[in-house]
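Structure first, then comments.
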Amino acid sequence: MPAPKSPPKRTPWLSLCELGDEHWMPLSHGEGRFVASEEVVRQLVCRDQICTQYVDEHGLPSHAVDANPNGSAHAIEGICSPCGKVFWQNGPQ
């Protein structure tokens, strides 16, 4: 089961989460994934918009199929708008 990492209070949708929190959740799909160019990912990182990532058993972002079943770029599972009011998440079901 993938465990997205949560950021500090970046968005009201995750306001009760702390940096490094892991939330284990089952996924029942194998379709859909986050895809972006390296430039877009750099912009998201610089703007602190990457909210959640798929991580391995050590808490590190992972591309392994058991942690990141859909092969999302940079193991990104969720992002938010620059203001933090809009949150997009690739799962859970």
Being modelled with pLDDT under 90 and basic (K, R) is the filter; apply it to the range 1-56 and report the residue that is surrounded by the most Cβ atoms within 10 Å (Cβ to Cβ). K5
Could you tell me whether the range 21-31 includes any residue that is among the hydroxyl-bearing types (S, T, Y), part of a loop (DSSP other than H, G, I, E, B) and free of Cβ contacts under 8 Å to residues at least 40 places away in the same chain? no
Consider A73 against the criteria (1) surrounded by 13 or more Cβ atoms within 10 Å (Cβ to Cβ); (2) closer than 19 Å to C17 by Cβ; (3) modelled with pLDDT of 90 or more: it satisfies all of them except one. Which criterion is unmet? (2)
Residues of the range 16-32 being closer than 25 Å to C83 by Cβ and within 15 Å of the chain's Cα centre (by Cα), in sequence order, are C17, E18, L19, G20, D21, H23, G32
I'm told C46 meets every condition in (1) touching a residue at least 24 places away in the same chain (Cβ under 8 Å); (2) out of contact with any helix residue (DSSP H, G or I) (no Cβ under 6 Å at 6 or more places or on another chain) except one. Can you identify the failing condition by its number? (1)
Condition check: out of contact with any His (no Cβ under 8 Å at 6 or more places or on another chain), hydrophobic (A, V, I, L, M, F, W, C), assigned to a helix (DSSP H, G or I) and within 20 Å of L14 (Cβ to Cβ). Does V41 satisfy that? no
Within the range 46-77, the count of residues that are hydrophobic (A, V, I, L, M, F, W, C), assigned to a helix (DSSP H, G or I) and under 12 Å from the mean Cα position of the chain (by Cα) comes to 2
Taking only the range 47-93 into account, find how many residues are charged (D, E, K, R) and either within 15 Å of E31 (Cα to Cα) or in contact with a strand residue (DSSP E or B) (Cβ under 7 Å, 6 or more places away or on another chain) (or both). 2
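The values are calculated or read from the model by the stated rules, or taken from the named source; none is laboratory data. Predicted model only: the values in this text are computed from it and were never measured. Cβ coordinates were reconstructed from backbone atoms using ideal geometry, including for glycine residues, and neighbour counts include every protein chain displayed.
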